[in-house]
Amino acid sequence: MIKAFILTFVFALTTQAQVWDPAIDTATAPADFTARPFSESDFQTYPWLKEFKLVIVINKANSGSDRQTLRVYENQKVILLTKISSGREEYEKGCGPGQEPKKDHCSQRAYWSTTPVGYFDVEELVENYFSKLWQTWMPYAVFFESGIATHQAPAGTESKLGGRASGGCIRMHPNHAPVLFSYVQKAGKGLVPKVNRNGSVAQTKQGDTVRWQGFRTLYIVQNVVK
């Protein structure tokens, strides 16, 4: 009996930082996607998680003891725990006439600075990425969803780590961003389960786990107050 099917996806990635559909409701932030909350016991409950070299868990909650944190699990053990800054979860009006993104701290377009919740594959690693939207550098960027990445916090914003402060990406301390980048780089690619955004594993009609040649790193973003 065949226990797994291997799917090979060939696609081109064009990454633009913090790009989503235009905001329709400017008064109410978009609701978070519903995904299964992560627990360390999941490594036993869902054995397929062990097939990933790294599992990166980000909590974008703005209150509680675990707020604004990032954990890196390697072989089910935490090897890095650090404070981060996720999206402000605010409506960004965009730059007005005569304003500039870098000088006036405004974006090139209007949108909600929301960090998406869910389970994500790594899409691309860019050691020195420049955001056209915010006209700023994003060193050690690891993209995992629609232009959202973990990256080094812009100079002068380090003191904001531990609170919501970004345009949607996950900002990290300069001491930790290159470390995470190196971890993901070294973990590389391999045969891993294809995970749905809600935290379930993709399956064939026969109930077999779908696997593919992807990065051996899984990102999990949640909004959980502990």
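Axis angle, to the nearest 10 degrees, between helix 177-187 and the longest C-alpha principal axis of the chain: 20 degrees. Residue-normalised convex hull volume from the C-alpha trace of the chain: 133 Å³ per residue. Descending by average beta-carbon neighbour count within 10 Å, the peptides 213-220, 117-124 line up as 213-220, 117-124, the highest first. Dipole magnitude for the chain: about 420 debye, using +1 per Lys or Arg Cβ and -1 per Asp or Glu Cβ, origin at the Cα centre. Surface calculation, 1.4 Å probe, protein heavy atoms: S182 sits at approximately 30 Å² accessible. Which of V142, G87, L54 sits closest to the plus end of the dipole of the chain, meaning its Cα is farthest towards the positive end, when Lys and Arg get +1 and Asp and Glu get -1 on the C-beta? Comparing the listed Cα positions along the dipole, L54 ranks first. For Y129, nonlocal amide neighbours, meaning residues 5 or more places apart or on other chains whose placed amide H falls under 5 Å from its own, are M138, Y140, A141. Cross-link partners of K186 among lysines, defined as those whose alpha carbon lies under 22 angstrom from its own and excluding same-chain residues fewer than eight positions apart: K50, K53, K77, K194. Between Q206, T45, H173, the Cα set farthest toward the positive side of the dipole of the chain (charges on each charged residue's Cβ, about the Cα centre) is that of T45. Applying a 4.7 Å cutoff between beta carbons, the unpaired cysteines of the chain are C169. Amide H contacts of E124 (H built 1.01 Å from N, in plane; Pro and chain starts excluded): F143 sit under 5 Å, all sequence-distant by 5 or more or on other chains. Remark on segment 48-145: ratio of C-alpha radius of gyration to 2.2 N^0.38 Å is 1.28. Cross-link partners of K60 among aspartates and glutamates, defined as those whose alpha carbon lies under 16 angstrom from its own and excluding same-chain residues fewer than eight positions apart: D32, E89, E90, E145.
Each of G96, V72, V122 was scored by the projection of its Cα onto the charge dipole of the chain, and the greatest displacement toward the positive side belongs to V72; charges sit on the C-beta of Lys, Arg, Asp and Glu. Taking a straight line from the alpha carbon of K103, these lysines sit under 20 Å away, with near neighbours fewer than eight places off in the same chain left out: K93, K132, K160.
Taking packing as the residue-averaged number of other Cβ atoms within 10 angstrom, the listed peptides 56-64, 140-148, 155-163 run from highest to lowest as 140-148, 56-64, 155-163. Which whole-Hz ³J(HN,Hα) couplings does segment 190-204 yield from phi under the Karplus relation 6.51 cos²θ - 1.76 cosθ + 1.60, θ = phi - 60°, glycine and proline marked x? Calculated HN-Hα couplings, in order: x, 7, 9, x, 8, 9, 6, 4, 7, x, 8, 8, 5, 9, 7 Hz.
The values are calculated or read from the model by the stated rules, or taken from the named source; none is laboratory data. This is a predicted model, so every value here is computed, not measured. With ideal geometry, Cβ positions are generated from the backbone for all residues, glycine too; neighbour counts draw on all protein chains shown. Side chains are part of the model used for accessible areas, which takes the heavy atoms of the whole protein and leaves out ligands, DNA and RNA. Shrake-Rupley method; radii C 1.70, N 1.55, O 1.52, S 1.80 Å.
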